[in-house]
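Visitor: Structure below; questions to follow.
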Amino acid sequence: MTAIVQLTEVTRSYGSPPVTALAGVTLTIDTGEFVAIEGASGSGKSTLLNIMGTLDRPSSGSVAIAGVPTTELTDRALSGLRSRVIGFVFQQFHLREGATARDNVADGLLYTGAPRAERRERADAALRRVGLAHRIDHRPHQLSGGERQRVAIARAVIDDPPLLLADEPTGNLDSRSSESIVDLLHELHAGGTSVVVITHDAQLAAQLPRQIRISDGTLVSDSHNRVAA
Ligand SMILES: Nc1ncnc2c1ncn2[C@@H]1O[C@H](COP(=O)(O)OP(=O)(O)OP(=O)(O)O)[C@@H](O)[C@H]1O
Ligand SMILES: [Mg+2]
């Protein structure tokens, strides 16, 4: 089976004097996996996810996505790969404030060059899929945190990317909203999407088939055997 993500000896440091966010991470995620990334604040989780998502490049080491080595790719080629393969849900949603849920989700198809009417139609379908048929014309400030997170997920998966990366998708939600987001991720995974999710929530992580723990930029555990029956 082809790995959907292959990181080899990846490091990332920022600024000078350098802060080491990732200190040499080697990790394979196979197609079809559902993986939790856990770790304390500042341990390097978002940095790791951004590198898996090709939003950031490593300081050293290499990254292959769906079998494609990314080191030599130009930014343009990299963004082409990203738009075909990866859906990304950001820690802070990153929705356009002035735009409706429909238009925010339709943004997920901009790279396809599809006409606006088609993008909107597909956005409506994606919003129905995440249970937001009744909020299509609402703007982000008119939505609850859980609803905004659903809009961000709908935007990420509108073109059925094989890989979904989500940075703390339940971070700011009450337990009911966060359960429904987790159910949605399970549905996407059952439909064939490989999913990697950062979480502080040990209960959520324990439900998933694989948990990776990071501390000070290093993988400290990688376990396949804590799945609840
Ligand atoms: N752009 C940046 N410039 C400088 N340092 C950074 C930058 N981004 C992250 N860092 C540092 O790298 C380390 C890892 O940050 P990262 O955002 O990956 O942590 P995290 O595990 O996602 O934390 P949280 O749970 O709080 O979101 C932190 O010490 C952080 O201060
Ligand atoms: Mg983070």
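Visitor: Once amide H atoms are placed 1.01 Å from N in the peptide plane, what residues at a sequence separation of 5 or more from Val5, or on another chain, have their amide H within under 5 Å of its amide H?
Guide: Amide H to amide H, under 5 Å and 5 or more residues apart or across chains, Val5 pairs with Ile29, Ala66.
Visitor: How high is the FRET efficiency from Gln203 to Ala77, r the C-beta distance, R0 30 Å, rounded to 0.05? Let's see the in-between values first.
Guide: Details: r = 40 Å, r/R0 = 1.33.
Once rounded, the FRET efficiency stands at 0.15.
Visitor: Identify, among Gln142, Leu48, Leu219, the residue whose Cα sits farthest towards the positive end of the charge dipole of the chain, taking +1 on the Cβ of Lys and Arg and -1 on the Cβ of Asp and Glu, with the dipole about the Cα centre.
Guide: The residue sitting most towards the positive pole is Gln142.
Visitor: Hey, what do the phi angles of segment 184-189 turn into as Karplus ³J(HN,Hα) couplings, whole Hz, using 6.51/-1.76/1.60 and θ = phi - 60°, x for Gly and Pro?
Guide: 4, 4, 4, 4, 5, 4
Visitor: If you don't mind, there's one more thing I want to ask. Report the residues of segment 122-162 in range of a label on Thr112: point 7 Å along Cα→C-beta, backbone N strictly under 13 Å from it.
Guide: 122-127, 155-162
Visitor: Extension gain Ala133-Glu9, at 0.36 nm per residue separation less the Cα-Cα distance, in nm? Provide the component values of the computation, followed by the final result.
Guide: Working: separation 124, 0.36 × 124 = 44.64 nm, distance 4.39 nm.
Length gained, Ala133 through Glu9: 40.2 nm.
Visitor: Now for a different question. Please determine, in degrees from 0 to 90 and to the nearest 10, the orientation of helix 75-85 with respect to the longest principal axis defined by the Cα atoms of the chain, where the helix direction is its Cα long axis.
Guide: 70
Visitor: Okay, moving on. Give me the net charge for the shell around Arg122: Cβ to Cβ below 15 angstrom, other residues only, Lys and Arg +1, Asp and Glu -1.
Guide: Details: positive: Arg102, Arg116, Arg119, Arg120, Arg128, Arg129, Arg155; negative: Asp103, Asp107, Glu118, Glu121, Asp124, Asp159, Asp160.
Spelling it out: positives minus negatives among the neighbours equals 0.
Visitor: Treating only the Cβ atoms of Lys and Arg (+1) and Asp and Glu (-1) as charged, compute the dipole magnitude of segment 3-222 about its Cα centre; round to the nearest 20 debye. Provide the component values of the computation, followed by the final result.
Guide: Numbers: 22 positive and 26 negative charges, 114 e Å.
Charge dipole, segment 3-222, about its Cα centre: 540 debye, nearest 20.
Visitor: As I understand it, the dipole of segment 3-222 uses +1 on the Cβ of Lys and Arg and -1 on the Cβ of Asp and Glu, about the Cα centre. Which of Ala123, Gln6, Val197 lies farthest toward its positive end?
Guide: The residue sitting farthest along the positive end of the dipole is Ala123.
Visitor: Same structure, new question: How big is the gap, in Å, between the Cα center of segment 176-205 and the Cα center of segment 1-80?
Guide: One Cα centre to the other: 21 Å.
A short reminder: the numbers here are calculations on the coordinates, not readings from a lab. Just so it is clear, the model here is predicted, and its values are computed rather than measured. Please note: Cβ atoms are built from the backbone with ideal geometry, for glycine as well, and neighbour counts cover all protein chains shown.
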